[in-house]
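The values are calculated or read from the model by the stated rules, or taken from the named source; none is laboratory data. Quick caveat: nothing in here was measured; it's all calculated off a predicted structure. Cβ placement follows ideal geometry from the backbone for every residue including glycine, while neighbour counts extend to all protein chains displayed.
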Amino acid sequence: MPSSEDIRDYLNKSLKELRLPTVKACYEQQAHRASKESLSYERYLAELVELECLERFHRRIERFLRESRLPLEKDLQRPNDHSRCHRQIAPSQHHP
């Protein structure tokens, strides 16, 4: 029977090969939490997958922002010069 250390080594190598860095970084901590909270295997796995997906989403957004070469002081939340283009006309101001 493989030791805990052998299993960790196998997991770390496999997760690196599969390119799952967030799962690799979090699986032990999440396993302890899952054990402590009596989570099912499916719940444990679902939480690890969710963490990986969220981290990939954030990295993708960061990459897109870098590649866009937009000035750092501007972002999509504060469209300073173009805010008037996104205003909605109130019903009282709308003329037929």
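Sub-6 Å Cβ pairs linking a first residue in the stretch 58-69 that is over 19 Å from T22 (Cβ atoms) to a second residue that is modelled with pLDDT under 95, at least 6 apart or interchain, number zero.
Results for (1) at pLDDT 95 or above; (2) surrounded by 10 or more Cβ atoms within 10 Å (Cβ to Cβ); (3) in a helix (DSSP H, G or I), shown as yes or no for each residue.
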{"position": "Y10", "(1), (2), (3)": "yes, yes, yes"}
{"position": "L15", "(1), (2), (3)": "yes, yes, yes"}
{"position": "E42", "(1), (2), (3)": "yes, no, yes"}
{"position": "C53", "(1), (2), (3)": "yes, yes, yes"}
{"position": "F57", "(1), (2), (3)": "yes, yes, yes"}
{"position": "C85", "(1), (2), (3)": "no, no, yes"}
{"position": "H95", "(1), (2), (3)": "no, no, no"}
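Restricting attention to the stretch 18-40, the residues that are loosely packed, with under 12 Cβ neighbours inside 10 Å and basic (K, R) total 2.
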